[in-house]
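Heads up: the structure comes next, in structure tokens.
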Amino acid sequence: MATAATISTPTPLTLRPFSRHAFAHPKMLRSLPFLRRRLPPLVTVAAVQQDAAVWNAAPVSSVGAASADGSLFHLRVDLSDAADLASSYTAPGQYLTIRVPGEDGLKPAFMAIASPPGAGGGFEFLVKTVPGATAEKLCGLRDGDVVELGAVMGKGFPIERITPTDAAETLLLFATGTGISPIRSLIEFGFAADQRADVRLYYGARNLETMAYQDRFAEWESTGLKIVPVLSQPDDSWKGARGYVQHAFLEAKNIANPTSTGAVLCGQKQMLEEVTLALAADGVSQDKILKNF
């Protein structure tokens, strides 16, 4: 004999209202099982925003060799029709992304701007050619070719920390390779070098054939800057400092007063770390050791 099925009355579901803030928070929504698979990751929005970033098309006004061995190139981009982009560059040490139209398979290159803010006319870059990368394409461009520039990024070197001059009567600059680009920008922008007691630039390269901006050294030194080229693989005729920038500095040091000493660094990671440690150990304030990132 069949037994009749017992039908129970369902317990009423009590709904507790979400607060206005809790309901709007994505993490709260993700905690609900029935929404867990339907909400995309938060990074998706950021990625879409990044992909939708505005690129500024601008013509190349000049390309030329920046080193005797052909590994470095000067690239100048005309910003006559991109005044907003040009005016957004306000501090030495800022950088941007740059790409070549039609080269969709290559990642945009991050480039520090080598010309100083307010120079007018356009941006200049120091580019090291890298096979198979955007940098190689940039080095192969001709006058009139078009590149695309992203927005100017970063805050640059916080030079207000070494201003006025008595905050850093001794100012030490350190650069290796293309790290000289933002240092050039700082030097030519100006930081009252001639009003400081001791201003030195330790500039490292493999040899003179790979050292950019040698034609600017005399002009830079006329502002009160002493340049110390450091070569890691010089020929036998070289009489200057040998090895790496950090080692040349450690041998010389000669910091008169650490409390009124500042430094600006850009370049190879190991150099940055070792120089920073050495300066801090001598009593130089971390707040006065400036980097652009």
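Is there a residue in the stretch 182-204 that is within 30 Å of Pro101 (Cα to Cα), open to solvent by 10 Å² or more (accessible area, probe 1.4 Å), outside any loop (DSSP other than H, G, I, E, B) and of a type in the set (Ser, Thr, Tyr)? No, the stretch 182-204 contains no residue that is within 30 Å of Pro101 (Cα to Cα), open to solvent by 10 Å² or more (accessible area, probe 1.4 Å), outside any loop (DSSP other than H, G, I, E, B) and of a type in the set (Ser, Thr, Tyr). Annotation for the stretch 109-127: no member residue is in a helix (DSSP H, G or I) and touching a residue at least 24 places away in the same chain (Cβ under 8 Å). Put simply, of Glu221, Glu188 the only residue that is among the acidic types (Asp, Glu) and without any contact (Cβ under 8 Å) to a residue 40 or more places away in the chain is Glu221. Candidates are the residues of the stretch 79-96 that are open to solvent by less than 20 Å² (accessible area, probe 1.4 Å) and touching a strand residue (DSSP E or B) at 6+ places or on another chain (Cβ under 8 Å); the one that is nearest to Arg184 (Cα to Cα) is Gly93.
Going through the stretch 250-277 one residue at a time, which ones are at pLDDT 95 or above and in a helix (DSSP H, G or I)? Passing the criteria: Pro258, Thr259, Ser260, Lys269, Gln270, Met271, Leu272, Glu273, Glu274, Val275, Thr276, Leu277.
Given Arg76, Arg142, which one is open to solvent by 50 Å² or more (accessible area, probe 1.4 Å), at pLDDT 95 or above and in a loop (DSSP other than H, G, I, E, B)?
Sole residue among the options that is open to solvent by 50 Å² or more (accessible area, probe 1.4 Å), at pLDDT 95 or above and in a loop (DSSP other than H, G, I, E, B): Arg142.
The residue list Lys155, Lys137 contains one member that is open to solvent by 40 Å² or more (accessible area, probe 1.4 Å), basic (Lys, Arg), assigned to a loop (DSSP other than H, G, I, E, B) and modelled with pLDDT of 95 or more, which is Lys155.
Kindly indicate whether any position in the stretch 216-233 is among the basic types (Lys, Arg) and farther than 26 Å from Ser260 by Cα. Among the residues of the stretch 216-233, at least one is among the basic types (Lys, Arg) and farther than 26 Å from Ser260 by Cα, which makes the answer yes.
Could you please let me know if Gly267 is in contact (Cβ under 8 Å) with a residue 60 or more places away in the chain and surrounded by 13 or more Cβ atoms within 10 Å (Cβ to Cβ)? When the stated conditions are applied, Gly267 passes them. Checked against (1) under 22 Å from Pro158 (Cα atoms); (2) within 25 Å of the chain's Cα centre (by Cα); (3) of a type outside the set (Phe, Trp, Tyr); (4) surrounded by 15 or more Cβ atoms within 10 Å (Cβ to Cβ), Asn207 passes all but condition (1).
Of the candidates Leu96, Leu106, the single residue that is aliphatic (A, V, I, L, M) and not in a loop (DSSP other than H, G, I, E, B) is Leu96. Do we have any residue at all in the stretch 158-175 that's farther than 30 Å from Arg196 by Cα and open to solvent by 40 Å² or more (accessible area, probe 1.4 Å)? There is no residue in the stretch 158-175 that is farther than 30 Å from Arg196 by Cα and open to solvent by 40 Å² or more (accessible area, probe 1.4 Å). Screening Ser222 against (1) within 20 Å of Ile183 (Cα to Cα); (2) surrounded by 15 or more Cβ atoms within 10 Å (Cβ to Cβ); (3) more than 23 Å from the chain's Cα centre (by Cα) leaves a single unmet condition, (2). Within the stretch 212-244, being over 27 Å from Ser115 (Cβ atoms) and not aromatic (Phe, Trp, Tyr) holds for Ser232, Gln233, Pro234, Asp235, Asp236, Ser237, Lys239, Gly240, Ala241, Arg242, Gly243.
The values are calculated or read from the model by the stated rules, or taken from the named source; none is laboratory data. Remember, it's a predicted structure, so these values are computed and weren't measured experimentally. Here the Cβ is made from the backbone with ideal geometry for all residues, glycine too, and neighbour counts use every protein chain on show. Heads up: the accessible areas ignore ligands, DNA and RNA and are worked out on the full protein's heavy atoms, side chains in. Shrake-Rupley method; radii C 1.70, N 1.55, O 1.52, S 1.80 Å.
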